[in-house]
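*Asks:* Supplied in structure tokens, the structure appears directly below.
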Amino acid sequence: MPDLILSEDEQMLQTMVRDFADRELIPRAREADERQEFSWENWKGMADLGLTGVGIDTKYGGSGQAGYRKVAIVAEEVARGDAGASVSVLAHLSLGTTTIYRFGNEEQKARLVPSLASGKGIAAWALTEPGSGSDAAALQTTATERDGTYFLNGSKMFITNASVAESIVVFATQDRSLGYKGISAFVVNRDSPGLTINPLHGKMGMRSSTTDEVVFQDTPVPLENRLGEEGRGFNYAMEILDSSRIIIAAQCVGIGQSALEAAVRYAQQRETFGKPIAQHQAIQFMLADMATAVHGARVVTMNAATLKDEGLPFVNEASMAKLIASEMCVDVSSKAMQVHGGIGYFQDAGVERIFRDARVTTIYEGTSEVQRLIIARQVLAQYQL
């Protein structure tokens, strides 16, 4: 993030995470991708730096209060090193842990957050189902209360971290006739009876993170593990997604930055017609377009983060940032492969992994089409005739 004005604290954080990425994430990225399993080495390194608890008060085991600008810095620098590692820590932090931290009562936060914020435990966030992705309010998982205990039945799909999680934040309906107003939020312990987690294999990218199916069969959840009010779960989920889109946008900037750096390095080394290809105008134009796109995405992302930190309206800007940054990183990683030519199609070059990692970003945490719907509604409301 060299092209933005950062505070001294932000610069120190950026330097710390960038050094970690250069030292530990980048050298392990290919191996972690090939193993296609959760990287405990990466997780321990991030936990040791306090990245698993950025923005969480120290009284709950976190790294201290921090705004979304700082979380965005962490997201970008980790994703620049290994996008799969960034998925793991961001799903844990900006989704799972943050939901408990924001909507849990004091007892819940004191009991659940310290382990998660310190990185000793891992959080997962279970909203998506086989039949409800973008239409989140159509979820079918049920929560039935009997004698002070809720019993969950149903399944969740494409859940990051579930198979390694200590706590899973789950959204389930208590009354389908009420639509989204019947949905509540719960924290489910990974070892709960009736809970089955099936790892999903064969992902295109983000392979150093876990993606799982979560199945509930009369899974008991104590009353003290319901988050907030009954019937408010959908609202909590939407509030979390509004904010986390800023962090996903920052992740996308990091992926785009890694693709840009790889392309520039290769263009300076590869020679054709007696000179480095970086001296050919066609390559220079591609590099210029890539650098401009990365910079633009970074600016809109940090603008959304700043609005959020200042308590100003940010939802539209967050959707714009997520849309711009996700489509940017897919395009920039594709261009990086083009700069590499034939060798870019092979694993040794590394850019094919970056491209595979980038592709999902226009899909998860709100597809590009969903972001356009959000933006369009805001624009139409703003410019009513």
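The values are calculated or read from the model by the stated rules, or taken from the named source; none is laboratory data. Bear in mind that the values here come from a model prediction, so they are computed numbers and not experimental data. Don't worry about glycine lacking a Cβ; one is built from the backbone with ideal geometry, like all the others, and counts go over all protein chains shown.
*Asks:* Only one of T173, T196, T149 is surrounded by fewer than 16 Cβ atoms within 10 Å (Cβ to Cβ), more than 30 Å from Q36 (Cβ to Cβ) and more than 21 Å from the chain's Cα centre (by Cα). Can you tell me which?
*Replies:* T149
*Asks:* Name the residue, out of D135, D191, that is more than 25 Å from G53 (Cβ to Cβ) and of a type in the set (D, E).
*Replies:* Values: D191 fails: more than 25 Å from G53 (Cβ to Cβ).
Step by step, each of D135, D191 is checked, and only D135 is more than 25 Å from G53 (Cβ to Cβ) and of a type in the set (D, E).
*Asks:* For F355, are the conditions met, namely being at pLDDT below 95 and assigned by TED's automatic domain parsing to the domain that holds A278?
*Replies:* For F355, the condition - at pLDDT below 95 and assigned by TED's automatic domain parsing to the domain that holds A278 - is not met.
*Asks:* Kindly indicate whether any position in the range 323-337 is in a helix (DSSP H, G or I), touching a residue at least 40 places away in the same chain (Cβ under 8 Å) and over 23 Å from A262 (Cβ atoms).
*Replies:* yes
*Asks:* Given the options A237, A143, name the one that is more than 30 Å from V330 (Cα to Cα) and either more than 21 Å from the chain's Cα centre (by Cα) or not in a strand (DSSP E or B) (or both).
*Replies:* Only one candidate passes the filter, namely A143.
*Asks:* Given the condition without any contact (Cβ under 8 Å) to a residue 40 or more places away in the chain and not assigned by TED's automatic domain parsing to the domain that holds D309, answer yes or no: does some residue in the range 74-82 qualify?
*Replies:* The answer is no; no qualifying residue exists.
*Asks:* Whether any residue in the range 168-191 is under 21 Å from V113 (Cα atoms), assigned by TED's automatic domain parsing to the domain that holds A137 and part of a loop (DSSP other than H, G, I, E, B) is what I want to check.
*Replies:* yes
*Asks:* Quick check on the range 366-382. Is at least one of its residues crowded, with 18+ Cβ neighbours inside 10 Å and in a loop (DSSP other than H, G, I, E, B)?
*Replies:* Yes, the range 366-382 contains a residue that is crowded, with 18+ Cβ neighbours inside 10 Å and in a loop (DSSP other than H, G, I, E, B).
*Asks:* Given the structure, is A110 surrounded by fewer than 18 Cβ atoms within 10 Å (Cβ to Cβ), small (G, A, S) and in contact with a strand residue (DSSP E or B) (Cβ under 6 Å, 6 or more places away or on another chain)?
*Replies:* no
*Asks:* What residue, of L287, L380, L312, L385, is over 23 Å from V74 (Cβ atoms) and modelled with pLDDT of 95 or more?
*Replies:* Values: L380 fails: modelled with pLDDT of 95 or more; L312 fails: over 23 Å from V74 (Cβ atoms); L385 fails: modelled with pLDDT of 95 or more.
Exactly one of L287, L380, L312, L385 is over 23 Å from V74 (Cβ atoms) and modelled with pLDDT of 95 or more, namely L287.
*Asks:* With G311, G296, G344 as the choices, which residue is closer than 30 Å to A126 by Cα and among the small types (G, A, S)?
*Replies:* Only one candidate passes the filter, namely G311.
*Asks:* Tell me which residues, restricted to the range 103-123, are touching a residue at least 60 places away in the same chain (Cβ under 8 Å), among the small types (G, A, S) and not in a helix (DSSP H, G or I).
*Replies:* G104, G119
*Asks:* If we keep just the residues of the range 113-139 that are touching an Asp or Glu at 6+ places or on another chain (Cβ under 9 Å) and at pLDDT below 95, which is surrounded by the most Cβ atoms within 10 Å (Cβ to Cβ)?
*Replies:* Looking at residues that are touching an Asp or Glu at 6+ places or on another chain (Cβ under 9 Å) and at pLDDT below 95, I get L139.
*Asks:* Are any residues in the range 70-97 in a helix (DSSP H, G or I) and of a type in the set (D, E, K, R), and if so, which ones?
*Replies:* Scanning the range 70-97 gives K70, E76, E77, R80.
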